[in-house]
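Here it is: the structure, laid out below.
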Amino acid sequence: MVSYILRRIVATLPVMAIVALFVFSLLYIAPGDPAVVIAGDQASPADVERIRQSLGLDRPFLVQFGSWLWHILHGDLGTSIFTSLPVSTLIAQRIEPTLSLMATALVLTILIAVPLGVVAAWKAGSWIDRSIMAFAVFGFSLPVFVIGYILAYVFALKLEWLPVQGYTPMAEGFWPWLQNLILPAVALGCVYIALIARITRASMLEVLQQDYIRTARAKGLGMPSILFVHALKNAAVPIVTVIGIGIALLIGGAVVTESVFAIPGLGRLTIDAILRRDYPVIQGIVLLFSFLYVLVNLMVDVIYTLVDPRIRY
Amino acid sequence: MDRRTLLKGLAGVGSLAATGGVSMPALSQGAAARTLRFVPQANLANFDPIWGTQYVVRNAAALVWDTLYGIDATLQPQRQMVESEDVTDDGLTWTFRLRSGLKFHDGELVRSKDVIASLTRWSARDPMGLMIKALQQELTAVDDRTFKLVLKQPYPKLLYALGKNNTPIAFIMPERIAQTDPFKQITDYVGSGPMKFAKAEWVPGAKAVFEKFTDYAPRQEKASWLAGGKQILIDRLEWVVIPDPATAAAALQNGEVDWWESPITDLVPVLKSNRNINVDIADPLGNVGSFRMNHLYPPFNDVRARRAVLMAMSQEDYMRALVGDDTSLWKPLPGFFTPGTPLYSEVGGEILKGKRDLDAAKKLLAESGYSGQPVTCLVAQDQPITKAQGDVTADLLKKLGMNVDFVATDWGTVGSRRAAKTPPGQGGWQMFHTWHAGADCINPAPYNAIRANGDKAWFGWPTSDAAEKEVVAWFEAKNLDEEKAAVDRLNKAALEDVVYAPTGFFLGYTAWRKNVSGVTKGPLPFFWGVSKTA
């Protein structure tokens, strides 16, 4: 297993290299010029050109790419064109809110979606099943920002239970931290809950038809034990797969959620960087997200072996 | 239900909650009364007011760096860091003396050498600074508090240039910082202004913090815009970046923030209905909407085509699309200069007044030789002002029988593409939309959009010798009457040659909680004199 994990980590390197080249090329050919944004409306073309030169944006593509790659290999993600702060500093400032948001949404999703899917499968065809699936369709159909506004309206403005915006670091206390995350995590998790609940139901339905489930029932095992110990474990592989794939959904959703709830995370950093054409920041974040995604896939593969002993690498 | 309606509904319910007298959430109750939380118009992404000229940078910089002179609410330059100035009869030699006791945030005294380095850096980037630099024979320190500027020829607008509020402002920095290449960003934010920048707490895109500079020595006069005594009545100012307007409105109603610089007009009615919130016009100088035509390529290289567009356009259509039906917020602008300011002019504005004559416009367009070629119209969709104007223009051009190539894109792309002088089919363009702060349109000095010096002019590269002649006449004017006469002639010439198309004059609101007092109207948010109670 250890050698497998090491091989997989090594295998991520070419993937990351391709991602890096792809992102760099895309930004190079994309319209827009950070020098123009920096220079402002009063600047002359000569001023814009001087700023472009000072940023090194006038160099040929391969030179720029080579320089960037060289720095990456030395652990340097570069410096933001606009803030003059190291990209790694900007990411470090923003990673806690985003990871907190994603982790809270993920935990919330698993705690809600899996039991809902299991119950829906158990009560397949009943009003409970139909209600859960209707909720899933609803959750899947509503855009994240709409859910966010509704939650803010009810729980922040009307009931005044939770704040509308912002983020409090965990270092300042668990409850203040959680208080700022509840609404955004629910908003972000809704789509994900819907997806996982549906997958769990489908996977459980298949498992519940198996002979060993009938045997368990015949042995007199209680329903909770049958559903959550025997059936769920055997239905887990597709659920874990979708949870892994869904991380990409969470990353995309975090961008919107962070804007709606004014959370200073990586999503907002990404949007700001794209609008201003802050290339080093965009490249740094995309690389980070790509790495995270590869890492999640690796974790999913490892979890397979835990939930299904037949799977060996 | 569309998104806009949903936003209104959300903010409206917040208003009801607030007017019902319910308590603020725990998050805001703990906040210190002497901390003011402010939602700026945009993200403070960099903090060098010479290198980056965005308004948000200027607004923050005005807290941290002081100026030699400051423009007041009457648009006149007043002494700020300067104690006195002396000019020779020929207008060539200026001797300035700094006030005593001026200190930087690091405890160092402000000296002449700091001023010289700062003016040198500023003059490399600012249009008026460049003019002064071209006329400058000598800029030297006489002693620590006295410096001398010798010019080759008189420059009557010198004090205005040193105190103007248009970007880049001539902020005074310590010499070690001001010696930075003007095309490279500074990373040390020490100034001598009334507040210090808390660099360690700066999270670009989220938060910027300023703390009261206790050693600041304000002038004794009453504060007026960038002039007078900048008394800071709070200990700490937090700029909280909230990109979503509905969230900002909700946060203001909840008391999570105290002052929102630029609420969108859709949300103003619900903010006005909240008994805890004041709403008022932010800047009486407002904004001028505009679109520019490319004078280098057909059809708009022919003045008849440009005039045809002006004859057909309805400024009311633009303003209603942009601001809405609140007519107190906008007015037609048959000229280029900011209404309500001394140089405002309507001379030559008949082409934009009265009933629109589409038939005459079509005839004039046909005379220009236009025969259906595509007109590339760049419209940034991520800026509400440009999007609204672009939609009206597309309709206008179609009514004129033009073949519109509507390029819906983002502001970053427009900013880059508008600089392309290549033909429209090869990456160039024929039209793009923008707007100008009214503060930039009060006279020709900061107003590069009115310039018509061909290759050196702003995007669209208009050429109008008549307009340029009057710009020079304004710079040389010796009194207000001469200035007015020059601007009247400039307004007429610029409309005749259609340097650009003004789409109207519009105002914006600002909103703050009622426990905040001292908010004044102006081209930027002024924090001196602002206080807050618990």
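For region B:508-530, how many residues are small (Gly, Ala, Ser) and in a loop (DSSP other than H, G, I, E, B)? Before you say what the answer is, go through the steps one by one.
In the first step, residues of region B:508-530 are kept if they are small (Gly, Ala, Ser); the result is B:508, B:511, B:517-518, B:522, B:529.
If we keep only those that are in a loop (DSSP other than H, G, I, E, B) too, we end up with B:508, B:518, B:522, B:529.
Residues in region B:508-530 being small (Gly, Ala, Ser) and in a loop (DSSP other than H, G, I, E, B): 4 in total.
Does A:Ile81 fit the bill of being buried (at least 17 other Cβ atoms within 10 Å of the Cβ) and farther than 26 Å from A:Gly246 by Cβ?
Values: buried (at least 17 other Cβ atoms within 10 Å of the Cβ): yes; farther than 26 Å from A:Gly246 by Cβ: yes.
So A:Ile81 passes the test.
Only one of B:Leu130, B:Leu135, B:Leu139, B:Leu92 is of a type outside the set (Gly, Ala, Ser) and surrounded by 19 or more Cβ atoms within 10 Å (Cβ to Cβ); which? Lay out the reasoning, then the answer.
Values: B:Leu130 fails: surrounded by 19 or more Cβ atoms within 10 Å (Cβ to Cβ); B:Leu135 fails: surrounded by 19 or more Cβ atoms within 10 Å (Cβ to Cβ); B:Leu92 fails: surrounded by 19 or more Cβ atoms within 10 Å (Cβ to Cβ).
The unique qualifying residue is B:Leu139.
How many of the residues in region A:51-81 are among the aliphatic types (A, V, I, L, M) and within 14 Å of chain B (Cβ to nearest Cβ)?
Let us first name the residues in region A:51-81 that are among the aliphatic types (A, V, I, L, M), namely A:51, A:55, A:57, A:62-63, A:69, A:72-73, A:77, A:81.
From what is left, the residues that are within 14 Å of chain B (Cβ to nearest Cβ) are A:51, A:55, A:57, A:81.
Of the residues in region A:51-81, 4 are among the aliphatic types (A, V, I, L, M) and within 14 Å of chain B (Cβ to nearest Cβ).
Related question: From B:Tyr318, B:Tyr370, B:Tyr344, grab the single residue that is hydroxyl-bearing (Ser, Thr, Tyr), more than 26 Å from B:Gly438 (Cα to Cα) and crowded, with 17+ Cβ neighbours inside 10 Å.
Just one listed residue meets the conditions, B:Tyr370.
Output the number of residues of region B:55-79 satisfying the condition of being surrounded by 22 or more Cβ atoms within 10 Å (Cβ to Cβ) and polar (S, T, N, Q).
Of the residues in that region, 2 qualify.
Collect the residues in region B:245-260 that are in a loop (DSSP other than H, G, I, E, B) and farther than 18 Å from A:Ser259 by Cα, keeping them in residue-number order.
Just the residues of region B:245-260 that are in a loop (DSSP other than H, G, I, E, B), to begin with: B:255-258.
Hits for region B:245-260 are B:Gly255, B:Asp258.
Now, a different point. Name the residue, out of B:Asp455, B:Asp481, that is part of a helix (DSSP H, G or I), at pLDDT 95 or above and surrounded by fewer than 19 Cβ atoms within 10 Å (Cβ to Cβ).
Details: B:Asp455 fails: at pLDDT 95 or above.
Going through B:Asp455, B:Asp481 in turn, the sole match is B:Asp481.
Still on this structure, I have one more. Can you pull out the residues in region A:220-244 that are more than 29 Å from A:Leu295 (Cβ to Cβ) and surrounded by 17 or more Cβ atoms within 10 Å (Cβ to Cβ)?
Hits for region A:220-244 are A:Ile226, A:Leu227, A:His230, A:Ala231.
When only residues in region B:196-205 that are farther than 25 Å from B:Thr120 by Cβ and in contact (Cβ under 8 Å) with a residue 40 or more places away in the chain count, which is farthest from the chain's Cα centre (by Cα)? Even if it seems obvious, please write down each step before you answer.
In the first step, residues of region B:196-205 are kept if they are farther than 25 Å from B:Thr120 by Cβ; the result is B:198, B:200-205.
Then keep just the ones that are in contact (Cβ under 8 Å) with a residue 40 or more places away in the chain; that gives B:202, B:204-205.
Numbers: B:Trp202: 24, B:Pro204: 21, B:Gly205: 20 Å.
Here the answer is B:Trp202.
Here's another thing I want to ask about it. Could you list all residues from region B:180-190 that are farther than 14 Å from B:Val57 by Cα, buried (at least 16 other Cβ atoms within 10 Å of the Cβ) and more than 22 Å from the chain's Cα centre (by Cα)?
Within region B:180-190, B:Thr180, B:Val190 meet the criteria.
A follow-up question, please. Within region B:43-57, work out how many residues are within 10 Å of another protein chain (Cβ to nearest Cβ) and closer than 24 Å to A:Ala262 by Cβ. Step through it out loud before you land on a result.
Keep residues of region B:43-57 that are within 10 Å of another protein chain (Cβ to nearest Cβ), which gives B:43-48, B:51-55, B:57.
Next, only the ones that are closer than 24 Å to A:Ala262 by Cβ stay: B:43-47, B:52, B:54-55, B:57.
Number satisfying all stated conditions: 9.
Determine whether region B:184-191 contains at least one residue that is closer than 30 Å to A:Thr79 by Cα, modelled with pLDDT of 95 or more and away from chain A (no Cβ under 14 Å).
Among the residues of region B:184-191, at least one is closer than 30 Å to A:Thr79 by Cα, modelled with pLDDT of 95 or more and away from chain A (no Cβ under 14 Å), which makes the answer yes.
Could you please find all residues in region A:259-304 being part of a loop (DSSP other than H, G, I, E, B) and either under 23 Å from A:Pro86 (Cα atoms) or out of contact with any helix residue (DSSP H, G or I) (no Cβ under 6 Å at 6 or more places or on another chain) (or both)? Don't jump to the end; show me each part of the working.
Within region A:259-304, the subset part of a loop (DSSP other than H, G, I, E, B) is A:261-265, A:277-278.
A:Ala262, A:Ile263, A:Pro264, A:Gly265, A:Arg277, A:Asp278 - these are the residues of region A:259-304 that are part of a loop (DSSP other than H, G, I, E, B) and either under 23 Å from A:Pro86 (Cα atoms) or out of contact with any helix residue (DSSP H, G or I) (no Cβ under 6 Å at 6 or more places or on another chain) (or both).
Can you report the number of residues in region B:255-271 which are within 7 Å of another protein chain (Cβ to nearest Cβ) and at pLDDT below 90?
Here is the first cut: in region B:255-271, the residues within 7 Å of another protein chain (Cβ to nearest Cβ) are B:256.
Now restrict to residues that are at pLDDT below 90: none.
Counting residues in region B:255-271 that are within 7 Å of another protein chain (Cβ to nearest Cβ) and at pLDDT below 90 gives 0.
If you don't mind, another one. Could you pull out every one of the strands (runs of 3 or more DSSP E) wholly within region B:352-447 that has 3 or more residues that are within 12 Å of chain A (Cβ to nearest Cβ)? Working first, answer last.
On the way: elements: B:374-380, B:403-409, B:431-437.
Answer list for region B:352-447: B:431-437.
Just wondering, is there one or more residues in region A:8-27 that are outside any helix (DSSP H, G or I) and either free of Cβ contacts under 8 Å to residues at least 12 places away in the same chain or more than 14 Å from chain B (Cβ to nearest Cβ) (or both)? Steps first, answer last, please.
Of region A:8-27, the ones outside any helix (DSSP H, G or I) are none.
Looking for residues that are outside any helix (DSSP H, G or I) and either free of Cβ contacts under 8 Å to residues at least 12 places away in the same chain or more than 14 Å from chain B (Cβ to nearest Cβ) (or both), one finds none in region A:8-27, hence no.
Could I ask something else about it? Only one residue in B:Leu63, B:Leu36, B:Leu75 is within 18 Å of B:His105 (Cβ to Cβ) and of a type outside the set (Gly, Ala, Ser), so which one is that? Break it down stepwise before answering.
Numbers: B:Leu36 fails: within 18 Å of B:His105 (Cβ to Cβ); B:Leu75 fails: within 18 Å of B:His105 (Cβ to Cβ).
Every option except B:Leu63 fails the conditions.
Sticking with this structure for a sec: Please work out which residue is nearest to the other protein chains (Cβ to nearest Cβ), limiting yourself to region B:211-252 and to residues that are without any contact (Cβ under 8 Å) to a residue 24 or more places away in the chain and surrounded by fewer than 17 Cβ atoms within 10 Å (Cβ to Cβ). Lay out the reasoning, then the answer.
Going residue by residue through region B:211-252, those that are without any contact (Cβ under 8 Å) to a residue 24 or more places away in the chain are B:214, B:220, B:222, B:244, B:247.
Imposing the further condition that a residue be surrounded by fewer than 17 Cβ atoms within 10 Å (Cβ to Cβ) reduces the set to B:214, B:220, B:222.
Values: B:Thr214: 27, B:Gln220: 34, B:Lys222: 31 Å.
Selected residue: B:Thr214.
Taking A:Val37 as the residue in question, decide whether it is surrounded by 14 or more Cβ atoms within 10 Å (Cβ to Cβ), more than 24 Å from A:Ile285 (Cβ to Cβ), among the hydrophobic types (A, V, I, L, M, F, W, C) and within 8 Å of chain B (Cβ to nearest Cβ). Show your work before the answer.
Values: surrounded by 14 or more Cβ atoms within 10 Å (Cβ to Cβ): yes; more than 24 Å from A:Ile285 (Cβ to Cβ): no; among the hydrophobic types (A, V, I, L, M, F, W, C): yes; within 8 Å of chain B (Cβ to nearest Cβ): yes.
Spelling it out, it is not the case that A:Val37 is surrounded by 14 or more Cβ atoms within 10 Å (Cβ to Cβ), more than 24 Å from A:Ile285 (Cβ to Cβ), among the hydrophobic types (A, V, I, L, M, F, W, C) and within 8 Å of chain B (Cβ to nearest Cβ).
Report, by residue number, each residue of region B:190-219 that is part of a helix (DSSP H, G or I) and either in contact with a strand residue (DSSP E or B) (Cβ under 7 Å, 6 or more places away or on another chain) or farther than 23 Å from B:Thr180 by Cα (or both). Full working, then the answer.
Here is the first cut: in region B:190-219, the ones part of a helix (DSSP H, G or I) are B:199-201.
Residue satisfying the conditions is B:Glu201 alone.
Could you please let me know if B:Leu102 is surrounded by fewer than 19 Cβ atoms within 10 Å (Cβ to Cβ), touching a strand residue (DSSP E or B) at 6+ places or on another chain (Cβ under 8 Å) and of a type in the set (A, V, I, L, M, F, W, C)? Quick ask: steps written out before the conclusion?
Details: surrounded by fewer than 19 Cβ atoms within 10 Å (Cβ to Cβ): no; touching a strand residue (DSSP E or B) at 6+ places or on another chain (Cβ under 8 Å): yes; of a type in the set (A, V, I, L, M, F, W, C): yes.
So B:Leu102 fails the test.
Would you mention how many residues in region A:160-208 are more than 14 Å from chain B (Cβ to nearest Cβ) and either part of a loop (DSSP other than H, G, I, E, B) or of a type in the set (Asp, Glu) (or both)?
Filtering region A:160-208 for residues more than 14 Å from chain B (Cβ to nearest Cβ) gives A:170-171, A:174, A:185-186, A:188-208.
After this cut, where a residue has to be either part of a loop (DSSP other than H, G, I, E, B) or of a type in the set (Asp, Glu) (or both) as well, the list is A:206.
Qualifying residue count, region A:160-208: 1.
Between A:Ser84, A:Ser44, which is closer than 26 Å to A:Arg268 by Cα, within 14 Å of chain B (Cβ to nearest Cβ) and among the polar types (S, T, N, Q)? Quick ask: steps written out before the conclusion?
Values: A:Ser44 fails: closer than 26 Å to A:Arg268 by Cα.
Answer to the check: A:Ser84.
If you don't mind, there's one more thing I want to ask. In region B:146-179, which residues are in a loop (DSSP other than H, G, I, E, B), of a type outside the set (Phe, Trp, Tyr) and either within 14 Å of another protein chain (Cβ to nearest Cβ) or surrounded by 19 or more Cβ atoms within 10 Å (Cβ to Cβ) (or both)?
The answer is B:Lys157, B:Lys164, B:Asn165, B:Asn166, B:Thr167, B:Pro168, B:Ile169, B:Ala170, B:Met173, B:Pro174.
The values are calculated or read from the model by the stated rules, or taken from the named source; none is laboratory data. Predicted, not measured: the structure shown is a model, and the values here were computed from it. Glycine gets a Cβ as well: all are built from the backbone with ideal geometry, and neighbour counts include every protein chain shown.
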